[in-house]
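A.B. asks: Below: one structure in structure tokens.
The values are calculated or read from the model by the stated rules, or taken from the named source; none is laboratory data. Keep in mind the model is a prediction, meaning the values are calculated, not measured. Here the Cβ is made from the backbone with ideal geometry for all residues, glycine too, and neighbour counts use every protein chain on show. For accessibility, only protein heavy atoms count, side chains too; no ligands or nucleic acids. Shrake-Rupley method; radii C 1.70, N 1.55, O 1.52, S 1.80 Å.
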Number of protein chains: 2
Amino acid sequence: MKNEKTEFVKDITNMEDDFAQWYTDVIKKADLVDYSPVKGFMVIKPYGYEIWENIQKNLDKRFKQTGHKNCYFPLLIPESLLTKEKEHVEGFAPEVAWVTQGGNETLGERLCVRPTSETIICYMYSKWLNSYRQLPFKYNQWANVVRWEKTTRPFLRTAEFLWQEGHTLHETQEEAKEEALTMLDIYKEIVEEYLAIPVITGTKSEKEKFAGADKTYTIEALMHDGKALQSGTSHELGQNFAKAYDITYQDRNSKLAYPFQTSWGVTTRLIGALIMVHGDNRGLVVPPRIAPTQVVIVPIQMNKEGVLDKANEIKNSLISKGIRVELDDDTANTPGWKFNEYEMKGIPARIEIGPRDIQNGVATISRRDTNEKSTIELDKIADEIPALLEDIQKGLFEKAKKRRDEMTFVATDFDMFKERMANNQGLAKAMWCGDPQCEENIKKETAATIRCIPTEQEHLGDVCPFCGKPAKHMVYIAKAY
Amino acid sequence: MKNEKTEFVKDITNMEDDFAQWYTDVIKKADLVDYSPVKGFMVIKPYGYEIWENIQKNLDKRFKQTGHKNCYFPLLIPESLLTKEKEHVEGFAPEVAWVTQGGNETLGERLCVRPTSETIICYMYSKWLNSYRQLPFKYNQWANVVRWEKTTRPFLRTAEFLWQEGHTLHETQEEAKEEALTMLDIYKEIVEEYLAIPVITGTKSEKEKFAGADKTYTIEALMHDGKALQSGTSHELGQNFAKAYDITYQDRNSKLAYPFQTSWGVTTRLIGALIMVHGDNRGLVVPPRIAPTQVVIVPIQMNKEGVLDKANEIKNSLISKGIRVELDDDTANTPGWKFNEYEMKGIPARIEIGPRDIQNGVATISRRDTNEKSTIELDKIADEIPALLEDIQKGLFEKAKKRRDEMTFVATDFDMFKERMANNQGLAKAMWCGDPQCEENIKKETAATIRCIPTEQEHLGDVCPFCGKPAKHMVYIAKAY
């Protein structure tokens with residue numbers, strides 16, 4: 001066993017020592033992602049992609065249940081189209097990749113690789129929409145987008161990422177608002193119930209909202225290191241794009257009208273959130289509902305008669321319960337190496353079974369979340385594993401919520417807030433005056449930003465602790481990815 | 001009824017009069033696709049995208065069953081990486097879109113928008129592969145690709161299209177060959193059993209094979225107008241890319257070795273095949289197994305008591321059988337308009353139900369494929385529809401196969417072949433000498449190309465009818481999309 005141990009010690013940095021390095025170690029050692037030869041572009045490896053497929057599947061189902069249809073719009077957008085909505089182009093132009101040559105020809109007009117698709121979708125919507133009878137338009141697209149970011153980190157901020165972008169048109173502002181909020185709720189539901197990450201819902205400040213939107217709703221999560229991560233956004237675009245792109249229709253009174261628009265998206269960034277909320281110093285921890293493999297079976301002394309048969313029997317009994325299970329019968333690696341490998345990959349539960357276990361009619365189950373081991377009777381495994389997985393799922397959410405709550409504090413004065421931010425210490429609740437100047441100042445002094453004006457407001461006082469003016473809202477403030 | 005009729009007559013061109021125009025009319029009127037503001041780029045509309053999702057779902061399942069995993073590689077590829085495999089870059093460089101600017105900076109090296117991903121995947125594989133123990137690599141990617149085509153037509157040839165590309169590495173040439181052929185079989189299976197399109201499997205000639213491959217296998221289908229469509233390809237890449245990209249590993253004898261490689265792909269072009277194989281002068285015809293909606297229920301005199309209730313009852317009974325069903329209870333459109341609309345969209349079966357039907361305890365079923373109507377007892381609908389759909393599925397395949405066989409002829413001399421090709425008449429079987437010069441000449445004289453050297457060879461004679469030299473293989477020849 002000695003040799004095994006030295007073999008399988010994988011040096012991931014302790015998160016307490018260097019969180020950024022810990023993150024980098026985990027994504028590499030858990031084999032989620034790799035760096036590509038193009039700066040800032042990542043390769044999503046099979047294990048990372050399987051997590052994304054599970055996120056996709058659950059979101060897509062909810063989109064369809066709420067009446068949305070998928071379609072696909074072009075990757076390249078003519079420059080003249082991008083520039084029609086003034087705020088939008090100002091926000092995106094600096095981070096756009098431009099195609100200027102096609103085959104051997106230089107193009108007459110530059111084409112931008114979509115950073116988001118409002119502009120080209122608006123162009124098509126203006127062709128498609130004629131009458132109020134056609135409304136609402138409720139379309140979504142699963143796609144890749146490119147944003148020429150200077151500083152990148154896999155999943156969190158990459159020059160190319162995968163996402164979905166929903167784009168809808170409505171007759172009234174109320175309907176558009178309802179749509180934007182419904183989609184925010186779906187994001188919250190999937191992120192909390194599947195990724196086991198507690199989120200705060202709220203509205204972005206004027207300064208932080210989407211370029212071209214009237215209002216941006218957000219879900220914000222807190223990472224292990226006390227930084228926040230914007231995990232999904234939903235925008236009320238009002239009639240801004242409709243006017244810039246001339247989307248009009250005949251309304252119920254036969255008058256020409258502009259529709260009200262929304263857009264909303266989540267990205268592969270969610271995988272980054274999952275890593276930084278649940279991971280620990282032994283590696284990744286994947287919540288069972290989203291895990292590509294929920295249970296791994298590691299047979300001990302495989303060459304002994306009956307061990308592999310019994311392991312296969314357990315595997316099949318779990319498959320019949322709808323559990324995603326893998327049996328590692330590779331003879332090239334030792335059980336110790338395998339234990340380490342599957343802990344690193346964050347497989348929620350591991351079943352060990354050897355000759356002595358079989359004699360005793362039991363197997364050993366290890367939980368990845370708590371590291372607890374227990375013995376279970378063989379004929380009860382298939383019945384008990386589903387409940388165990390649900391318990392792990394629930395436990396991960398509760399643990400993350402407890403940690404977030406512990407890292408949340410009330411900022412009562414600027415000095416105290418500065419000090420805590422200097423140490424990266426968590427999520428501040430504070431009253432705020434609503435003045436963009438004050439917001440700018442907070443950012444300049446602490447590098448923290450207003451994450452959102454939460455839906456659930458609390459009255460913490462009457463004045464803004466940052467500038468002394470009368471308070472307007474309660475906000476959450478933190479450093480963010 | 002008069003008014004209705006004039007209202008719902010949709011003028012699609014007869015395919016016998018102008019097949020290209022018929023195609024364009026169908027894709028527009030069935031609402032599959034639209035033209036975008038960027039020349040050659042299409043927008044895939046919800047109905048078209050749903051068909052693609054169904055194709056995807058079935059392929060993806062088979063890929064996973066055969067041990068493949070999905071991953072995701074970057075969209076942009078450095079020029080220096082693209083140019084390493086000589087034949088490959090010669091084949092693709094003329095049709096590549098180049099990114100030369102990122103944000104406000106001019107890039108030091110141009111980046112190409114992937115036309116296919118062998119080059120970047122080889123770069124990563126050379127990083128990942130060390131030992132024979134890791135082999136095989138069996139990865140697939142679902143992605144968009146861009147090829148700067150001059151003449152485009154939606155689904156068939158577009159500047160951007162959606163596809164999957166599988167990329168595998170193997171220890172031996174035999175294993176690589178087996179993989180390439182297994183994937184070709186899966187393509188044949190999905191295209192024949194789900195899209196109901198009969199295909200011929202075979203090998204491409206040297207001239208027609210993939211740029212950089214040793215051997216290209218293909219599935220070829222015959223369209224309604226007598227032209228062929230290459231519908232999927234699978235390549236044996238040998239060690240060509242491995243050598244160019246320095247992919248090496250320690251083999252079983254501890255020697256450095258190059259792996260054998262395959263790649264294989266199908267695209268949104270399959271939707272074009274579906275349209276041109278099954279469509280008719282009333283519009284699209286979608287095979288039930290791939291149809292987004294398999295059955296549509298059109299209630300007659302909806303305002304009469306009980307009609308909508310009964311229609312919903314039928315709907316629910318079909319849902320419980322796993323049928324994809326829609327009930328059109330829109331009051332803005334007449335039943336006549338709806339009949340026409342769903343015929344245009346190619347929904348396999350339509351159920352009509354009105355007050356008199358309910359009195360008689362029956363409903364009317366119309367088949368899209370044969371246009372036959374029949375009366376069915378209400379309580380038998382749920383039991384009989386699944387068999388009806390299977391019958392339609394089978395019927396479409398048989399009809400397409402019969403048509404292809406009727407359009408297939410033996411080319412016994414060059415003059416006769418030229419005459420038939422001048423009239424676009426179908427698919428020729430012929431013996432062939434194997435000389436690229438002769439192949440070139442056939443193309444020059446007739447615009448037809450050798451589609452493949454079929455797996456199932458027939459002996460039609462001893463000489464090549466095109467040049468008189470001794471025959472080497474039997475080939476299929478046709479004009480092609």
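A.B. asks: Six or more apart or on different chains, Cβ under 8 Å: which pairs go from a residue in the range A:440-460 that's in a helix (DSSP H, G or I) to one that's exposed (fewer than 14 other Cβ atoms within 10 Å of the Cβ)? Could you list them?
C.D. replies: Qualifying pairs under 8 Å: A:Glu440/A:Lys207; A:Thr446/A:Ala422.
A.B. asks: Out of everything in the range B:31-46 that is in contact with a Cys (Cβ under 9 Å, 6 or more places away or on another chain) and not in a strand (DSSP E or B), what residue ends up being nearest to the other protein chains (Cβ to nearest Cβ)?
C.D. replies: It comes out as B:Pro46.
A.B. asks: Please state which one of A:Lys207, A:Lys215, A:Lys227 is open to solvent by 10 Å² or more (accessible area, probe 1.4 Å), modelled with pLDDT under 95 and more than 12 Å from the chain's Cα centre (by Cα).
C.D. replies: Among A:Lys207, A:Lys215, A:Lys227, only A:Lys207 is open to solvent by 10 Å² or more (accessible area, probe 1.4 Å), modelled with pLDDT under 95 and more than 12 Å from the chain's Cα centre (by Cα).
A.B. asks: If a residue must be of a type outside the set (A, V, I, L, M), more than 17 Å from the chain's Cα centre (by Cα) and surrounded by 17 or more Cβ atoms within 10 Å (Cβ to Cβ), how many such residues does the range A:142-170 contain?
C.D. replies: 6
A.B. asks: Continuing with this model, one more query. For the structure I just gave you, tell me whether B:Tyr49 is among the aromatic types (Phe, Trp, Tyr), modelled with pLDDT of 95 or more, buried (at least 22 other Cβ atoms within 10 Å of the Cβ) and under 16 Å from B:Val145 (Cα atoms).
C.D. replies: Taking the combined requirement at face value, the residue does not satisfy it.
A.B. asks: I would also like to ask the following. Please state which one of B:Lys310, B:Lys304 is outside any strand (DSSP E or B), in contact with a strand residue (DSSP E or B) (Cβ under 8 Å, 6 or more places away or on another chain) and of a type in the set (Lys, Arg).
C.D. replies: B:Lys310
A.B. asks: Go through (1) within 27 Å of A:Pro136 (Cα to Cα); (2) within 10 Å of another protein chain (Cβ to nearest Cβ); (3) not in a helix (DSSP H, G or I) one by one and return the number of the condition A:Trp98 breaks.
C.D. replies: A:Trp98 satisfies all of (1) within 27 Å of A:Pro136 (Cα to Cα); (2) within 10 Å of another protein chain (Cβ to nearest Cβ); (3) not in a helix (DSSP H, G or I) except (1).
A.B. asks: Please enumerate the residues belonging to the range A:390-429 that are among the small types (Gly, Ala, Ser) and part of a loop (DSSP other than H, G, I, E, B).
C.D. replies: A:Ala411, A:Gly426
A.B. asks: Go through the range B:47-58 and count every residue that is within 14 Å of chain A (Cβ to nearest Cβ) and over 30 Å from A:Leu107 (Cβ atoms).
C.D. replies: 8
A.B. asks: I'd like the full set of residues that are of a type in the set (Gly, Ala, Ser), within 32 Å of the chain's Cα centre (by Cα) and buried (at least 20 other Cβ atoms within 10 Å of the Cβ), limited to the range A:316-365.
C.D. replies: A:Gly346, A:Ala349
A.B. asks: Here is a list of conditions, (1) open to solvent by 50 Å² or more (accessible area, probe 1.4 Å); (2) facing chain B (nearest Cβ under 9 Å); (3) free of Cβ contacts under 8 Å to residues at least 24 places away in the same chain; (4) more than 24 Å from B:Asn104 (Cβ to Cβ), and A:Lys69 meets all of them except one; can you say which number that is?
C.D. replies: So A:Lys69 meets the others, but not (3).
A.B. asks: I need every pair where a residue in the range A:379-404 that is polar (S, T, N, Q) has its Cβ under 7 Å from the Cβ of a residue that is open to solvent by less than 20 Å² (accessible area, probe 1.4 Å), sequence separation at least 6 or different chains.
C.D. replies: Qualifying pairs under 7 Å: A:Gln393/A:Ala196; A:Gln393/A:Pro287; A:Gln393/A:Pro288.
A.B. asks: Within the range A:410-419, can you find the residues that are touching a helix residue (DSSP H, G or I) at 6+ places or on another chain (Cβ under 9 Å) and open to solvent by 20 Å² or more (accessible area, probe 1.4 Å)?
C.D. replies: Those that are touching a helix residue (DSSP H, G or I) at 6+ places or on another chain (Cβ under 9 Å) and open to solvent by 20 Å² or more (accessible area, probe 1.4 Å): A:Phe414, A:Lys418.
A.B. asks: I'd like the full set of residues that are closer than 30 Å to B:Asp18 by Cα and surrounded by fewer than 22 Cβ atoms within 10 Å (Cβ to Cβ), limited to the range B:287-315.
C.D. replies: B:Arg289, B:Pro292, B:Thr293
A.B. asks: Test A:Lys150 against the stated conditions and say whether it is more than 12 Å from chain B (Cβ to nearest Cβ) and under 18 Å from B:Asn104 (Cα atoms).
C.D. replies: no
A.B. asks: Of all residues in the range B:101-127, count the ones that are assigned to a strand (DSSP E or B), open to solvent by less than 10 Å² (accessible area, probe 1.4 Å) and more than 7 Å from chain A (Cβ to nearest Cβ).
C.D. replies: Here the count works out to 1.
A.B. asks: When the residues of the range A:420-446 are narrowed to those that are open to solvent by 60 Å² or more (accessible area, probe 1.4 Å) and at pLDDT 95 or above, which ends up farthest from the chain's Cα centre (by Cα)?
C.D. replies: A:Gln437
A.B. asks: Could you tell me how many of the residues in the range A:228-271 are under 21 Å from A:Tyr125 (Cα atoms), part of a strand (DSSP E or B) and not charged (D, E, K, R)?
C.D. replies: Adding up the residues that qualify gives 14.
A.B. asks: Do we have A:Leu284 as out of contact with any Leu (no Cβ under 7 Å at 6 or more places or on another chain) and open to solvent by 40 Å² or more (accessible area, probe 1.4 Å) here?
C.D. replies: Against the criterion (out of contact with any Leu (no Cβ under 7 Å at 6 or more places or on another chain) and open to solvent by 40 Å² or more (accessible area, probe 1.4 Å)), A:Leu284 does not qualify.
A.B. asks: Assess whether B:Asp60 counts as being part of a strand (DSSP E or B), out of contact with any Pro (no Cβ under 7 Å at 6 or more places or on another chain) and modelled with pLDDT of 95 or more.
C.D. replies: No: the conditions fail for B:Asp60.
A.B. asks: So, in the range B:72-87, of the ones that are within 10 Å of chain A (Cβ to nearest Cβ) and in a helix (DSSP H, G or I), which residue ends up most open to solvent (accessible area, probe 1.4 Å)?
C.D. replies: B:Ser80
A.B. asks: Continuing with this model, one more query. Which of the residues that make up the range A:132-147 are in contact (Cβ under 8 Å) with a residue 40 or more places away in the chain, within 12 Å of chain B (Cβ to nearest Cβ) and more than 21 Å from B:Tyr35 (Cα to Cα)?
C.D. replies: Correct list: A:Tyr132, A:Val146, A:Arg147.
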